[in-house]
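K.L.:
Starting off with a structure, shown below.
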Amino acid sequence: MALAKLENILIIGAGQAASQAANSLRQLGFQGRIRIFGNEGQPPYQRPPLSKAYMLGQMPAERLFFKAEEQWEKDNIDLKIDEEIISIDAVNKSIKSKTGNQYEYDKLIIATGSKVRHLPAQGAQLSGVHYLKTIKDSDDLGAELDNAKNLVIIGAGYIGLEVAACAQKKGLNVTIIEAAPRILARVASPELSQFYENVHESAGVKILTQSGVAKINGAQKVESVTLGDGTNIDADVVLIGIGIIPNDEIAKSAGIICNNGIDVDENAKTSNPDIYACGDCANRMVDLYGQRMRLESVHNAIEQAKLAAANIMGQNAPKLDVPWFWSDQYDLKLQIAGLAIGATKTIIRGDMAARKFALFHIDDENRILAIDAINSPPEFLVGKNLIAARAKIAPHILQDTNISVKELANHAQN
């Protein structure tokens, strides 16, 4: 369809990717109708603070939202935040909502995000057992933490660790249960995992690795958690954080190719030329690492949304950035750039004991693949550029803090 004839663009989902896609379409000059469909009853909002500043009461609810509702109206973007879409008719180019309403589209963007992975254990449905994905989840969990004594967290990913830090500040006894041999096993290097384990344990958090959950106990409300070895741990509140699953069912039902998420090309386009997908629900090729993958991050949601909008509008694709992530725990600001896929060595720059350092992950050719920066923004920013440039720097240079971080690029090898 010619660009001039585009009149209706529909976006399924109302999160970071959906918000960015709609805004980018307007910025690129699209004058037609844009509708965003959500099922939470909330305008698009940012999720990362839900396990950090918002939970601690350091960020008011209004600051979570990307913009005020009246601004959405001024931008002529129609928010349908209580209308869940249940099916796509890719042949007739329409979508259907749970209430039976049908909407036609010229182009469709799927930004359905992900859902939490549920724990298949007895007692997981008890009152006091929580998952964390939405504003309501954060409100409900935060309210219980204010009146609780013992919190058990099942799963030692970033969400679990961030909530552990919040709960410790609130004065709770916190126990983390992790099935893997170390915390953050799926997403962090052994060095970073050990650092955070030391940080949390020094703050009074108890961490049990290589431990499974047999059942969650209680009559009406949770009272304790039983481990696989029979150990019982007191719990007034339980948080389950064992990963997320892409919301790709609606795409599969429409005949769109999906493999661990919705398969998309370099422009965020699916196997159907009029349908795009972006954010947690999409599986893309990351050329820097030569692999298809889902990137569960704000950066990925924003980048893919911009790619989709540019392609729809017939514009050149925006320049791609190195994948980046972050986490706030206690007084620690972790900033991650790149992915340590193929890394064979980890080089420490700075002082881990002083809680201000960077970990450079490099391959056998000394090419920088990823960086983890703790309270070290300059290393993060410079490291991100070095990763993008596929720079090779000798380990002894990376380690040498007498060489300023800005000068590291001068030592890059061919």
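Throughout, read-outs are computed from the coordinates displayed, never taken from laboratory work. Predicted model only: the values in this text are computed from it and were never measured. Every residue, glycine as well, gets a Cβ built from its backbone with ideal geometry; the counts of neighbours run over all protein chains shown.
K.L.:
Mind listing P(r) for the stretch 331-411? All alpha-carbon pairs, 5 Å bins, whole percents.
P.N.:
Over the stretch 331-411, the share of Cα pairs per 5 Å bin runs 3, 18, 31, 29, 15, 4, 1 percent.
K.L.:
Applying a 10 Å radius around every beta-carbon, put 68-76, 378-386 in order of their mean neighbour count, most first.
P.N.:
Ranking, from highest mean packing down: 378-386, 68-76.
K.L.:
Roughly what % of DSSP beta bridges within the chain run antiparallel, to the nearest 5?
P.N.:
60 percent
K.L.:
Something else: Got the relative contact order for the stretch 157-276 handy, in percent, Cα pairs under 8 Å and 6 or more residues apart?
P.N.:
17 percent
K.L.:
What are the extents of the Cα atoms of the stretch 129-240 along their three principal axes, listed from largest to smallest and rounded to whole Å?
P.N.:
The principal-axis extents, from largest down, are 40, 32, 25 Å.
K.L.:
Using the count of nearby Cβ atoms within 10 Å as a rough guide to exposure, how do Glu162, Glu296 rank from fewest to most?
P.N.:
Glu296, Glu162
K.L.:
Using helices alone, what [θ] at 222 nm do you get for the chain, with -39,500 (n - 2.57) per DSSP H run of 4 or more residues, divided over all residues and rounded to the nearest 500? Please report the intermediate quantities before stating the final value.
P.N.:
Working: 9 runs with 91 residues, N = 414.
Rounded to the nearest 500, the figure is -6500 deg cm²/dmol.
K.L.:
Another question, then. With charges only on Cβ, +1 for K and R and -1 for D and E, what is the dipole size of the chain about its Cα centre, in debye, rounded to 20? Walk me through the intermediate numbers first.
P.N.:
On the way: 43 positive and 49 negative charges, 90 e Å.
So the dipole magnitude of the chain works out to roughly 440 debye.
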